[in-house]
Amino acid sequence: MKKGANKTHYIEPEYPVYAVQGTGGALIDIKYVSPAPEWSAKKSSSYGYGRIKISGGHLKYQYVTIPGGRVLDEWHIIKNITKKQNVEVE
């Protein structure tokens, strides 16, 4: 993990934080690399969806299972946005 990060919080990250979620065919031929690469924080073989909530400088991501609606993973990005910042949208 890089500076300002652990497996549940990214506080003032100095780099982009990426969320890769792909659950189509989640149970087909499960093969994980072991040990997990440094950049891999969590793996799961269950179906689900990602839920994101943004409030000010706080982004919360949750992975929710289907069926059941159980939160299987959660992490946060926290940034100080007191200064005006330009945000580009593609």
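If a residue has to be at pLDDT 70 or above, exposed (fewer than 12 other Cβ atoms within 10 Å of the Cβ) and of a type in the set (Ser, Thr, Tyr) to count, how many in the range 1-33 make the cut? Number satisfying all stated conditions: 3.
For Lys79, the conditions (1) surrounded by 12 or more Cβ atoms within 10 Å (Cβ to Cβ); (2) modelled with pLDDT of 85 or more; (3) within 14 Å of the chain's Cα centre (by Cα) all hold with the exception of (3). Counting the residues of the range 34-67 that are assigned to a loop (DSSP other than H, G, I, E, B) and modelled with pLDDT of 90 or more gives 0.
The values are calculated or read from the model by the stated rules, or taken from the named source; none is laboratory data. The model shown is predicted, which means the values in this text are computed figures rather than measured ones. Please note: Cβ atoms are built from the backbone with ideal geometry, for glycine as well, and neighbour counts cover all protein chains shown.
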